[in-house]
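Single-structure report; data block below.
The values are calculated or read from the model by the stated rules, or taken from the named source; none is laboratory data. These figures come from a predicted structure and were not determined experimentally. Heads up, the Cβs are rebuilt from the backbone with ideal geometry, glycines too, and the neighbour counts pull from every protein chain shown.
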Amino acid sequence: MSRNTTGEQMVNDTSSTHLSPNDRWLSANVLLISFSACFADLGYQAVLAVFPLFLVNQLAAPAYMFGIATAISYGPGAAFGLIGGRMGDKYGHKKMALAGNLLIPLLSLAGLATNAAGAISLFAGGWWARNFRSPPRRAMLAEVVVPANRAKAFGFLHALDIGGGFLAATAALLLLLAHVALWKIFLFTIVPLLCSSLVLSFVRAGRSGAVIPQTTGAKTAAEEHSDRKLYRRLLWATGLYGFSSFSFGFPIITVDQATHSPAMAVLSYVVFFGISALAGLATGHLAGRGVRFLAIGGYAIGAIGTAGMGVVGLLHWPYALYYLCVSLMGLALGVIETLEPAILSRIIPKGSTGGGMGALTATRSLGLFAANIVMGVLYQHGPMWSYGYAAVLAFAAAIVMLAAE
């Protein structure tokens, strides 16, 4: 097979002693990993839904402080992602995934803070733990699924992951409508986060020295060169898209300012998660999935949705159009979170899956670190400036990936 199709096709694997191309991809391990992700998002995404409102409205911090909070979370979080992946390769992915997962509830304690500094510190600590466990968890999924089925598995993981976020945002919306205090909403999220760790503990994968199935047969020098080239392109595109990405707290703030309704603002989060979950599930089963699909259906569509957030406010269009924009952003995220790890898992060397997934997380997080600072600063001059900046870089990421074909 030509390596020009590396990102476009799945290949069968026969090298593993415990997997074969005919194995069902929706195994008990895939279900456990995915439901663990669902419970985790059910917890911390509810925190993310109300944290910007808590910080800006209750603690009276300016909007740019939210940008600083997310930048602090994503910046050092890049290092935690890289370290988590590499430690998983060395000590076992399951141990590292559980260690990080158990510390995510630090996010939930942010609701008890009485000042912005305390809230941001706890929020960042929980997010660093989340970044630490994400690469090992992805490596565990790659371990239990043959390359031919990984897009389906990662799509299913994303669907349940984001499905948990959808439920979290819905729950947060209902609790806000019921006038439940924000600090109580924060504390409620500890329960699903602990359930996530419990479910993950039952996964039979991720032991130290476990082999991640790769493509059939030895690769030629030309194939290895093509893989390295695609890997670099993927990291460049991931980084650029990271520089265009931002915490969804910004759209929540935008909709809140347009509608003067926290409930309508959180509704945008519900729409975003619902569309993203469906997109991830569909992407894993679509034919022709690969580099071009990632570039256009992921990065480019994300750019259009992001630009729309600024245009709607600039031209004073009906605020209902914000929900169309966040739908496009959710569609893009579903495609990206499914295809990036699926493509990466097929082109990185054996024994380095965790490190490769860590590099993916770190590259995105570094971009997010800068993006949230820039978004916070530009937002003070008008949403169009911040969303316009993000859209340009997202289009650049699409161009980089298209050039990899």
Problem - Residue that is nearest to ALA151 (Cα to Cα) [pool: residues in the range 252-310 that are crowded, with 23+ Cβ neighbours inside 10 Å and polar (S, T, N, Q)] - result: THR283
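Residue under question is ILE104, and the condition is that it be among the hydrophobic types (A, V, I, L, M, F, W, C), buried (at least 23 other Cβ atoms within 10 Å of the Cβ), in contact with a helix residue (DSSP H, G or I) (Cβ under 6 Å, 6 or more places away or on another chain) and under 29 Å from LEU281 (Cβ atoms); does it hold? Talk me through it step by step, then tell me what you get.
On the way: among the hydrophobic types (A, V, I, L, M, F, W, C): yes; buried (at least 23 other Cβ atoms within 10 Å of the Cβ): yes; in contact with a helix residue (DSSP H, G or I) (Cβ under 6 Å, 6 or more places away or on another chain): yes; under 29 Å from LEU281 (Cβ atoms): yes.
So ILE104 passes the test.
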Exercise for the section: Could you list all residues from the range 329-373 that are among the charged types (D, E, K, R) and under 16 Å from TYR241 (Cα atoms)? Expected result: GLU337, GLU340, ARG364
Practice task
Please state which one of ALA218, ALA205, ALA263, ALA222 is outside any helix (DSSP H, G or I), of a type in the set (A, V, I, L, M, F, W, C), in contact with a helix residue (DSSP H, G or I) (Cβ under 9 Å, 6 or more places away or on another chain) and at pLDDT below 90.
Solution key: ALA205
Exercise for the section: Evaluate the following for ALA40: is it buried (at least 20 other Cβ atoms within 10 Å of the Cβ) and within 19 Å of VAL271 (Cβ to Cβ)? Expected result: no
Exercise for the section: Give the residues of the range 351-387 that are free of Cβ contacts under 8 Å to residues at least 40 places away in the same chain and not in a helix (DSSP H, G or I), sorted by residue number. Expected result: HIS381
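Restrict the check to the range 378-385 and report whether at least one residue is within 13 Å of ALA303 (Cβ to Cβ), at pLDDT 90 or above and among the aromatic types (Phe, Trp, Tyr).
Initially, the range 378-385 is screened for residues within 13 Å of ALA303 (Cβ to Cβ), giving none.
No, there is no match, as no residue in the range 378-385 is within 13 Å of ALA303 (Cβ to Cβ), at pLDDT 90 or above and among the aromatic types (Phe, Trp, Tyr).
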Practice task
State all residues of the range 59-81 that are buried (at least 24 other Cβ atoms within 10 Å of the Cβ) and farther than 30 Å from GLY356 by Cβ; if no residue qualifies, say none.
Solution key: PHE66
